[in-house]
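The values are calculated or read from the model by the stated rules, or taken from the named source; none is laboratory data. It should be emphasised that the depicted structure is a prediction, and the values quoted were computed from it without experimental measurement. Cβ placement follows ideal geometry from the backbone for every residue including glycine, while neighbour counts extend to all protein chains displayed. Heads up: the accessible areas ignore ligands, DNA and RNA and are worked out on the full protein's heavy atoms, side chains in. Shrake-Rupley method; radii C 1.70, N 1.55, O 1.52, S 1.80 Å.
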Amino acid sequence: MTELLRIENISYSVQQNKDKMVVSILKNISFSINEGEILGVCGESGGGKTTLAKIIAGIITPVEGKIVWNQNAVFSQSSINPLQILFQNNGEILNPFRRINDIVTEALRIKNKDKNSIIQLKEKLFDAVGINPELRNRKGYELSGGEQQRAALARLLAVNPKLLILDEPFSAQDVESQLNLVNLFKKMNKDFKVTILCISHDLNILRKLVNRVLIIKDGEIIECGKTEEILKSPSHPYTKFLLRAENYSLALDELHSKK
Amino acid sequence: MLDVNIQSVSIILDDDNRLLLRNLNFKIEKGFIYSILGKNGSGKSTLIKSVTKLLLKQNYEVIGKALFNGTDLLNTNEEKLREIRKNNIRYVFQDMINSFDPLKKLEYYFNNFASDKSKTEKLLQYFLLPAYNNIKELYSYELSGGMAQRLSLVFALSADPEIIFLDEPTSGIDYAAANLVLLKLKEFTKESNKSVIIVTQDIKFASAVSDFVAMISEGTLSPFLPKDKFFSSELYEDHKSLLASFREIES
C-alpha cells in the first residue's frame, strides 16, 4: 500500500472577536491516506471536520503541523491539481451563467488538447455520474439538488484528481439516493482510480462506503481503524455514544451530561 | 382535532394548472406524532403548507376542506384564520435560518414569540443552546444551521400550540440533537396531549419518533398506519422500494 499523503500534527485555532479568547478547533491531528482507499471522517457538528478538509486542501493554513504529499504518487499521474473537494452546498461551484456541458469541457481542456479525446472523456464522465444528454445542456440552477451534486462531481473528476474530498455528501438526501451515491463513489474509486476522503456525521451510511474511519471529537482523533471493527467493538465512550445516538436509544441525562 | 379532506392541490401556470397532489384525506388526533415520508420532490412541504393555507393563492389552487376543531381553515375569513394560526398552530420549516431578519437581534423574536422567560430559559437549556441573556444579543447569521433549527423549536414549543408541523426536523442537526428533539416531541404529545405532524425523508427518525406513519408517492398520500404495521408490511411498489433501501442501509 502506497501512502498518498500524510497529515502531521495539525493544530488549528481561531481568536474570537468579542473577548479575544483563543478557541482550539483541531488538536494535534496525525494520520495518513493510502493510495486508492476510501477513508471516512466522522464526528458531531462543530467537531472540526470541515476545517480539517479545508486544511488538507490548503484553503486555510494550520497554526501548527504540515501536510506531506507523496511526490511520486502524485506527479507520476501528471496531475495539475491533485485534490478536489465536493462541498456541502455543491450547487455553488457551478457557474450559473454556463451550461453543465461547457463547465466540464473547460475543465477537460486543461489537460487534453485533442478535441476528439475531450468528447470521449466527457461522455465517459457524464455516463459515470448519470447526467443524461438533456441535463447536460442545462445550467446549474435548472437542476435538482441531487443532479447538481452529480454534475459537480463530473466537473471535479474532469481534472483527474488523485484525492477527492467529499464533505457531507449524504445530507438532505433520501435513503435511495444515499445508496445510489455510495455505489457511485465506489465506482469512481475503482474506475477513475481516485482516493476518497469522505466526511459525514452519519456513521450509519458512512459504513456502507468506507473501509477505514476516523472518529473526531472536539478537534481530536479519538478512534481510528477498520470501520467494521470500530462498529463492532467501539473502544472510546464517545464512539459508543454516537452509535447509540443513531439508534435513538439515549436517555435525556446522557444527552445533557455530554456538554 | 384536525380533519383534512383535500381533493387537489395544483400550481397555477400561464397556460394550464398542473396537479401536484390529490386525495389528501387524514385525521390528526390529540396525543400522537404523525410522520409523512416521501422522496425528494414528492410534495411533502407543499402538503403541510396546503393544510393551513400557507401556499400563495396567486400561485396555488387548493380544493377541499381542512377542519380544525370544526373550523374549515381553507374557507374561513382571514381574521379567523390568523387567530387560529397564531394561537394553535406552529410550523418549523427546514431552512429556519432564512426566516429570521438578519438586521434584528434575536431579542426581538424572544419578545414576540417566547414571552414566558422562565419557560424559555428551560427550553434553551434543554436544547443545549446558550442562556437567554447571551443568545438574545446574537443576530440570526451568528447561528449555525443546527442552532437555528433548535431555536425555532424553542419558539414553537413556547407558544404552547395544539399542533406543531415540522419540515425535515433532523436535517442539519447531528444525532445527539436529533435525540433531544425526539424526546421533547414525545413529551409534548404524551404529557401535554398535543399533536405533531412531521414530513421527512429520514426514515430512521420517523421510525423512532412516530405513532403513525404514511407515505407520499405519485402525488397522493397513503393512509396513516400504526408505526409497526407501516414498517412490517409492503403495501405498494414505492413503499416496498423505500423499505428495501432502508433495510439495506440498516443491515
- Could you check region B:119-216 for helices (runs of 4 or more DSSP H) lying wholly inside it with 3 or more residues that are within 11 Å of chain A (Cβ to nearest Cβ)? B:145-158, B:175-192, B:203-209
- Among the residues of region B:80-104, write down those that are of a type outside the set (Lys, Arg) and within 18 Å of B:PRO161 (Cα to Cα). B:LEU81, B:GLU83, B:ILE84, B:ASN87, B:ASN88, B:ILE89, B:TYR91, B:VAL92, B:PHE93
- Quick check: is even one residue across region A:149-168 surrounded by fewer than 16 Cβ atoms within 10 Å (Cβ to Cβ), touching a residue at least 12 places away in the same chain (Cβ under 8 Å), closer than 26 Å to B:GLU248 by Cβ and not polar (S, T, N, Q)? no
- Task: Run down A:VAL63, A:VAL23 and say which single residue is open to solvent by 60 Å² or more (accessible area, probe 1.4 Å) and of a type in the set (Val, Ile, Thr).
- Result: A:VAL63
- Message: What pairs come out if I take residues in region A:126-142 that are touching a residue at least 24 places away in the same chain (Cβ under 8 Å) and farther than 18 Å from A:VAL159 by Cα and pair them with residues that are outside any helix (DSSP H, G or I) and open to solvent by less than 40 Å² (accessible area, probe 1.4 Å) whose C-beta lies under 7 Å away, six or more apart or interchain?
- Response: A:LEU135/A:LEU143; A:GLY140/A:LEU94
- Item | Hits in region B:67-80 (condition: in a strand (DSSP E or B) and β-branched (Val, Ile, Thr)) | B:THR71
- Right, B:ASN88: in contact with a Phe, Trp or Tyr (Cβ under 8 Å, 6 or more places away or on another chain) and either surrounded by fewer than 16 Cβ atoms within 10 Å (Cβ to Cβ) or farther than 24 Å from B:SER140 by Cα (or both) or not? yes
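Here is a yes/no grid of residues against (1) assigned to a loop (DSSP other than H, G, I, E, B); (2) under 20 Å from B:ARG90 (Cβ atoms); (3) within 15 Å of the chain's Cα centre (by Cα):
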position: B:ARG22; (1), (2), (3): no, no, no
position: B:LYS30; (1), (2), (3): yes, yes, no
position: B:SER35; (1), (2), (3): no, yes, yes
position: B:GLY41; (1), (2), (3): yes, no, no
position: B:THR46; (1), (2), (3): no, yes, yes
position: B:LYS49; (1), (2), (3): no, yes, yes
position: B:GLN58; (1), (2), (3): yes, no, no
position: B:LYS65; (1), (2), (3): no, no, no
- Message: Quick test for you: out of B:ILE63, B:ILE97, pick the one residue that is surrounded by 14 or more Cβ atoms within 10 Å (Cβ to Cβ) and of a type in the set (A, V, I, L, M).
- Response: B:ILE97
- Query: Which one of these is among the aromatic types (Phe, Trp, Tyr) and under 17 Å from B:ASP202 (Cα atoms): B:TYR60, B:TYR34?
  - Reply: B:TYR34
- Task: Select the helices (runs of 4 or more DSSP H) contained entirely in region A:191-259, then report the ones holding at least 2 residues which are within 14 Å of another protein chain (Cβ to nearest Cβ) and open to solvent by less than 30 Å² (accessible area, probe 1.4 Å).
- Result: A:203-209, A:237-246
- Query: When region B:217-238 is examined, which residues are found to be more than 12 Å from chain A (Cβ to nearest Cβ) and either touching a residue at least 24 places away in the same chain (Cβ under 8 Å) or assigned to a helix (DSSP H, G or I) (or both)?
  - Reply: B:GLY219, B:THR220, B:LEU221, B:PRO223, B:PHE224, B:LYS227, B:ASP228, B:LYS229, B:PHE230, B:PHE231, B:SER232, B:GLU237
- May I ask you to list pairs of residues, at least six apart or on different chains, whose Cβ atoms are under 8 Å apart, with the first in region B:33-50 being open to solvent by 30 Å² or more (accessible area, probe 1.4 Å) and the second being assigned to a helix (DSSP H, G or I)? B:LYS39/A:GLU176; B:LYS39/A:SER177; B:LYS39/B:LEU242; B:ASN40/A:GLY145; B:ASN40/A:GLY146; B:ASN40/A:SER177
- Task: May I ask you to list pairs of residues, at least six apart or on different chains, whose Cβ atoms are under 8 Å apart, with the first in region B:12-23 being within 22 Å of B:LEU221 (Cβ to Cβ) and the second being in a loop (DSSP other than H, G, I, E, B) and not aromatic (Phe, Trp, Tyr)?
- Result: B:ILE12/B:GLN58; B:ILE12/B:ASN59; B:LEU19/B:GLY219; B:LEU20/B:GLY43; B:LEU20/B:GLY219; B:LEU21/B:GLY43; B:LEU21/B:GLY219; B:ARG22/B:GLY219
- What do you reckon, is A:ASN9 within 14 Å of chain B (Cβ to nearest Cβ) and not aromatic (Phe, Trp, Tyr)? no
